[in-house]
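Inspection log for the structure reproduced underneath, given as structure tokens.
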Amino acid sequence: MTDKRIAFVTGGSRGIGAAIVQRLARDGFHVVAVARSLDKLEAVCGQIKSEGGSAEAMAVDIADPKALAAAIEKTAETHGRLDVLVNNAGITKDGLILRMDDEDFDSVSDTNLKSAFVAIRTAARPMMRSKGGRIINISSVSGIAGNAGQANYAASKAGLIGLSKSVAKELAGKNITCNVVAPGFVTTDMTDSLNDAIKEKVKEIIPLKRFGQPAEIAGVVAFLAGPDSTYVTGQVIVADGGMVM
């Protein structure tokens, strides 16, 4: 049992996820960060602890519904509460629709969308017992505008928006909010793989003329997890430098 607010964050080992874990820890949460592998995750949590924050790493394959549900149940049982759930983990398996096979579609959907459904369903119970909670789902501008070569990814991220709005309506009476953050191009391992010519071309269609930083997305998540967003639910906050406005 603890008096600290508890946040459970998926995909917390790198990029946007790591920035979210670090920011929530700085804001006073005890953060349970999960990822498939512990190597990078323990480094993130170790840095937080060295700075006086509170975090723990947990190896979970979020595409395994039973393992994910068990991790959330264990977190709520161990700490006596669960205040914030951030569904951040996601994968891409890009390809043109005519060449995309069932496995590429299903694996992206299972990781990006079904895992969020399982996590929300599981986390809702301890949040209801505590008479409140915050659910924050990380979507993408691809889920709003679509993107050629990403039919599976865009579908999963669009589905996340529909799921979030439905959950917001279902759980509002229990004082549980559910919102979406939809990042655009953010400087991560994923965008680092783009060549310089593509990066410059993309920046030309972003009004702010730059990629976002993981900490900027984490700041939006921190707002939704914090005391200033108590009247915000069912919303999609787009953080993309103005690209799809």
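The values are calculated or read from the model by the stated rules, or taken from the named source; none is laboratory data. No experiment lies behind these values; they were computed from the predicted model shown. When we count neighbours, we look across all protein chains shown, and the Cβ atoms used for this are built from the backbone with ideal geometry, even at glycine.
Within the range 116-136, is even one residue touching a helix residue (DSSP H, G or I) at 6+ places or on another chain (Cβ under 8 Å), in contact (Cβ under 8 Å) with a residue 60 or more places away in the chain, assigned to a strand (DSSP E or B) and crowded, with 22+ Cβ neighbours inside 10 Å? Checked against the condition, which is being touching a helix residue (DSSP H, G or I) at 6+ places or on another chain (Cβ under 8 Å), in contact (Cβ under 8 Å) with a residue 60 or more places away in the chain, assigned to a strand (DSSP E or B) and crowded, with 22+ Cβ neighbours inside 10 Å, the range 116-136 yields at least one hit. Confirm whether Thr78 is surrounded by fewer than 20 Cβ atoms within 10 Å (Cβ to Cβ), polar (S, T, N, Q) and within 25 Å of Ser130 (Cα to Cα). Yes. Looking only at residues that are in contact with a Lys or Arg (Cβ under 6 Å, 6 or more places away or on another chain) and under 18 Å from Met190 (Cα atoms) in the range 81-113, which one is surrounded by the most Cβ atoms within 10 Å (Cβ to Cβ)? My answer is Val108. Of the helices (runs of 4 or more DSSP H) lying entirely inside the range 138-228, those containing at least 2 residues that are closer than 28 Å to Gln22 by Cβ and charged (D, E, K, R) span 189-192, 196-204. Taking the range 142-153 as the range and being surrounded by fewer than 21 Cβ atoms within 10 Å (Cβ to Cβ) and within 18 Å of the chain's Cα centre (by Cα) as the test, only Ile144 passes. Every listed requirement among (1) out of contact with any Cys (no Cβ under 9 Å at 6 or more places or on another chain); (2) under 20 Å from Asn137 (Cα atoms); (3) among the aliphatic types (A, V, I, L, M) is met by Val31 save one, (1). Among the residues of the range 199-214, those that are surrounded by 15 or more Cβ atoms within 10 Å (Cβ to Cβ), in contact (Cβ under 8 Å) with a residue 24 or more places away in the chain and not aromatic (Phe, Trp, Tyr) comprise Ile206, Gly212, Pro214.
Rundown of residues vs (1) crowded, with 24+ Cβ neighbours inside 10 Å; (2) touching a Gly at 6+ places or on another chain (Cβ under 6 Å); (3) modelled with pLDDT under 95; (4) farther than 21 Å from Val186 by Cα, yes/no style:
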site: Gly17; (1), (2), (3), (4): yes, yes, no, no
site: Phe29; (1), (2), (3), (4): yes, no, no, yes
site: Ala33; (1), (2), (3), (4): yes, yes, no, no
site: Gly46; (1), (2), (3), (4): no, no, no, yes
site: Ser50; (1), (2), (3), (4): no, no, no, yes
site: Ile62; (1), (2), (3), (4): yes, no, no, yes
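Taking first residues from the range 224-245 that are acidic (Asp, Glu) and partners that are at pLDDT 95 or above, the Cβ contacts under 6 Å between residues at least 6 apart in sequence or on separate chains come to Asp240/Val141; Asp240/Gly184.
Taken together, Ile206, Ile176, Ile217, Ile237 contain a single residue that is touching a Phe, Trp or Tyr at 6+ places or on another chain (Cβ under 9 Å), more than 28 Å from Leu96 (Cβ to Cβ) and not hydroxyl-bearing (Ser, Thr, Tyr), which is Ile237.
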